[in-house]
């Protein structure tokens, strides 16, 4: 029987997410991924995905729709509750950021590998890999950022990138958990991570930080474009 293209594609994605997680996105060759997927045809990967970027997009596309749908649902629930006390609002938004990703800890079909890949992407120079659907006005991280902004001091949004810090903490901690032996229950871990992200969002700008920002402005030091990610 001729090979099933859908089965071949799924095997390549599964091999890629495992090897990307274990050895890094740039640390494994396409030939190795092809072999790990059991493909004798050395051009199978290029045929299905074109190149490494295409394969990475396929890995993200396998998991992101579920995360997007769940986050939008949580954000809908948040908006339906009307104005909340700041502490309650921050925790609700922290939960909307964390819970859809944390659910991947229990996803036996590559979910834990996906979380480890996402940590690699969040450390890159910009968020382009994370924003694979940036052209879609419904991209949930953009919606989350807009809802969080009114809860933060202006300088925390424009200059200190507090929202990006919350995103980075989320991805780093989830990847750390995903790299550990599986446990039967991640509820306590998830709830505590939501607490931590809430605390990041609640961080006040100290007098010292404000003074140092002022000194930097006075010295004419500009932020590099790669830091404008809040």
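The values are calculated or read from the model by the stated rules, or taken from the named source; none is laboratory data. What you see is a predicted model, and the numbers here were worked out from it, not measured in a lab. Here Cβ is always computed from backbone atoms with ideal geometry, including for glycine, and neighbour counts include all displayed protein chains.
Descriptive notes on the structure:
- Cross-chain or 6+ apart pairs with Cβ under 8 Å, segment 64-77 first and within 8 Å of residue 140 (Cα to Cα), then exposed (fewer than 13 other Cβ atoms within 10 Å of the Cβ): 68/138; 72/138
- Applying a threshold of 8 Å to beta carbon distances and a minimum spacing of six or more residues, or different chains, the list of pairs starting in segment 202-214 at a residue that is not assigned by TED's automatic domain parsing to the domain that holds residue 161 and ending at one that is loosely packed, with under 11 Cβ neighbours inside 10 Å is empty.
- Subset of segment 5-33 [touching a helix residue (DSSP H, G or I) at 6+ places or on another chain (Cβ under 9 Å) and more than 24 Å from residue 115 (Cβ to Cβ)]: 5, 8, 31
- Helices (runs of 4 or more DSSP H) wholly inside segment 1-83 containing at least 3 residues that are surrounded by 18 or more Cβ atoms within 10 Å (Cβ to Cβ) and either at pLDDT 95 or above or in the same structural domain as residue 141 (by TED's automatic domain parsing) (or both): 5-23, 52-80
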